[in-house]
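Presented below is the structure to which this report refers.
The values are calculated or read from the model by the stated rules, or taken from the named source; none is laboratory data. Treat the numbers as computed from the prediction; the structure is a model and nothing was measured. Don't worry about glycine lacking a Cβ; one is built from the backbone with ideal geometry, like all the others, and counts go over all protein chains shown. The area values use the complete protein model at the heavy-atom level, side chains included, leaving out ligands, DNA and RNA. Shrake-Rupley method; radii C 1.70, N 1.55, O 1.52, S 1.80 Å.
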Amino acid sequence: PSELRLKGREIWCGDTRVDILYRDPTLGELVEMEEEGLDMRPVRFAFRENRVVSSLAGEVDQKALFELFSYRRFRDLFTAAEREMFRRHIPWTRYLREVRSDDPSGRDVDLVSFVRRNRERLILKPNREYGGSGIALGNLLTVVEWERAIERGLSTPGGVVAQEAIEFNRDTYPVVNSGRVSFVKRYIVTGVHAGDDESVLLARMSKEPVVNITRGGAIVGVLVAR
């Protein structure tokens, strides 16, 4: 960002005019750069002109938003049909912090104490990370390891979320190794991208219960039976 210059209504980097900015820093990091004295006027202009990828909408890409959909204090903000959809499709999720909250059954609990006691039914995820990094699966950790994960989460910038563990689907897939085909069990997840007239399905599989390409997963084809 410090290499950008604003001339009139154009952004320049050296002798090159820039149309679109692709950003890796979060908005908070850009604010810190400005507080350190860097000229952020070109970046501010690019945001106003919607010439930044990802846009400010990317700042709401936080797993902690799922808390809104499973917290009883917010239930009156949604219709009965919406609440039923959330119940079916969104796991109980809480931003991990020292606070009282309701557990998956609706009981009022101390959140951190509840997370400590329910290791085998919960997972911890970094709130803003991606690529499957930093995920702690409670049922695969010892009590000591789980406690360490909780303490790290409470002190992590950006925080972590505690989430109800969902049992993943497993299926059998052919795998080619040294010219031989064998059939193996793999974890599988499916994502749906819905449009006005059509939907797209994307599936991934992995040997690990954290199904992600960066952790050794793979894209798999989706066959739709008619």
Taking a straight Cα-to-Cα line shorter than 13 Å from Lys63, and setting aside same-chain aspartates and glutamates fewer than 8 residues away, one finds Glu129, Glu164
By the C-alpha gyration tensor axes a ≥ b ≥ c (rounded if a/c is under 1.5, else prolate when a/b exceeds b/c, else oblate), the shape of segment 128-226 is oblate
Its Cα gyration tensor gives segment 103-183 an equivalent ellipsoid whose semi-axes in whole Å, largest first, are 32, 16, 12
For the chain, the charge dipole (Cβ of Lys, Arg +1; Cβ of Asp, Glu -1; about the Cα centre) points to a positive end, and the Cα of Thr26, Gly131, Phe168 closest to that extreme belongs to Phe168
Listed by chain and number, the aspartates and glutamates with an alpha carbon less than 17 angstrom from that of Lys7, same-chain partners under 8 positions apart left out, are Asp15, Asp19, Asp39, Glu49
With every protein chain in place, the accessible area of Val31 for a 1.4 Å probe, in Å² rounded to the nearest 10, comes to 60 Å²
Segment 67-218: relative contact order from alpha carbon pairs under 8 Å, six or more residues apart, as a whole percent, is 17 percent
Which of (1) 43; (2) 33; (3) 26 gives percent of Cα pairs over 31 Å apart as computed here? It is (1)
Given the candidates Asn177, His193, Ile219, the one whose Cα lies deepest towards the positive end of the charge dipole of segment 168-226, counting +1 at each Lys or Arg C-beta and -1 at each Asp or Glu C-beta, is Asn177
Chymotrypsin sites (Phe, Trp or Tyr not before Pro) in segment 142-226 lying in a DSSP loop, each with at most 15 other Cβ atoms within 10 Å of its Cβ, come to Phe168
With the 8 Å Cα cutoff and a minimum separation of six or more residues, segment 1-98 has a relative contact order in percent of 22 percent
Magnitude of the Cβ-charge dipole (Lys and Arg +1, Asp and Glu -1) of the chain about the Cα centre, nearest 20 debye, reported as 800 debye
For Lys185, the aspartates and glutamates lying under 14 Å Cα to Cα, once residues fewer than eight places off in the same chain are dropped, come out as Asp171, Glu208
Over segment 19-86, with neighbouring protein chains present, the accessible area per residue in Å² at probe 1.4 Å is 70 Å²
Of the accessible area of segment 79-129, computed with a 1.4 Å probe and all protein chains kept, carbon and sulfur make up a percent value of 47 percent
